[in-house]
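Please read the structure below before turning to the comments.
FYI, it's all coordinate maths here, none of it is from the lab. Just so we're clear, the structure is a prediction, and the values are computed from it rather than from any experiment. No Cβ is skipped: glycine too gets one built from the backbone with ideal geometry, and neighbour counts run over all protein chains shown.
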Amino acid sequence: MEIKDFFAQATEIYCLVEGKETKCNTWQCKEIVNCLEQLLTADGSYEMPAFGVSMHKLTIEQMKQGVWLRFVYEKEHMHNNMPFTELLIKVEPLYAGFNIIRKYNGEYTGRCFYYQTPCTMQSLWELLKTFSF
């Protein structure tokens, strides 16, 4: 199982815009997952080792700016020997690759996952703009 396969398993998805968090409804969750699947299954997309490491206090501070998606899970999951109960991504419309930050034991701490894509996150950015968060 690849890290991209876990997004559809989230029990809740939250969108954060400039620090304001909004829980997505069922339709919005499906649209977000569909858009991510298109992005992450595009020819030339691949998961790769991340050099990024998350520090909880810094991540919480960074979440007050920009647009973020937070994927929450009912139970702990494991990928590449790294456990998580939440996944967090920053949506940057011009980025063609991004860190996937893990939350474990209540903190965004430790190694991240990374996904490289042949296209930017513009489509996901545009989708989130239609939700009027």
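Working from Cα pairs under 8 Å separated by at least six residues, relative contact order for the stretch 1-118 is 31 percent.
Note that the stretch 86-95 has calculated 3J(HN,Hα) couplings of 8, 10, 9, 10, 8, 8, 10, x, 9, 7 Hz, one per residue in order, obtained from phi through the Karplus relation 6.51 cos²θ - 1.76 cosθ + 1.60 (θ = phi - 60°); glycine and proline are x.
Ordering VAL33, GLN62, HIS77 by Cα displacement along the dipole of the chain toward the positive end leaves GLN62 in first place; charges were set at the Cβ atoms of Lys, Arg (+1) and Asp, Glu (-1). Modelled this way, with points 7 Å down the Cα-to-C-beta line, the labels at THR22 and GLU61 are 2.8 nm from one another.
Here the calculated FRET efficiency for THR41 and ASN105, from their Cβ-Cβ distance with R0 = 41 Å, stands at 0.85, rounded to the nearest 0.05. In this structure, the amide hydrogen of CYS24, modeled 1.01 Å from its nitrogen in the peptide plane, lies closer than 5 angstrom to those of ILE13, TYR14, CYS15, counting only residues at least 5 positions away or on a different chain. Near the amide H of THR109, within less than 5 Å, lie the amide hydrogens of TYR104, all on another chain or at least 5 residues away, with H placed in the peptide plane.
Between amide H atoms placed 1.01 Å from N, distances below 5 Å from ILE100 occur with PHE113, TYR114, TYR115, all of them 5 or more places distant or on a separate chain. Taking one quarter of the surface of the convex hull spanned by the alpha-carbon atoms of the chain gives a direction-averaged projected area of 7.3 nm².
Coupling constants for the stretch 31-36 follow from the phi torsions by the Karplus curve (6.51 cos²θ - 1.76 cosθ + 1.60, θ = phi - 60°), and in residue order they are 5, 5, 4, 4, 5, 4 Hz; glycine and proline get x. Pairs of Lys residues in the stretch 11-130, spaced 8 or more positions apart or belonging to different chains, with C-alpha separations under 23 angstrom: 25 in total.
Could you tally the net charge around TYR46, taking each other residue with its Cβ under 15 Å from the Cβ of TYR46, Lys/Arg +1 and Asp/Glu -1? Residues close to TYR46 contribute a combined charge of -4. Note on the chain: with charges restricted to the Cβ of Lys and Arg (+1) and Asp and Glu (-1), its dipole about the Cα centre is near 320 debye. Maximal additional length on extending the ASP5-MET82 stretch stands at 26.2 nm, based on 0.36 nm per residue less the C-alpha distance. Counted by Cβ distance under 15 Å from CYS119, the other residues give a net charge of -3, where Lys and Arg count +1 and Asp and Glu count -1. GLN65 sits among other residues whose Cβ lies under 12 Å from its own Cβ, and their net charge, with Lys and Arg +1 and Asp and Glu -1, is 0.
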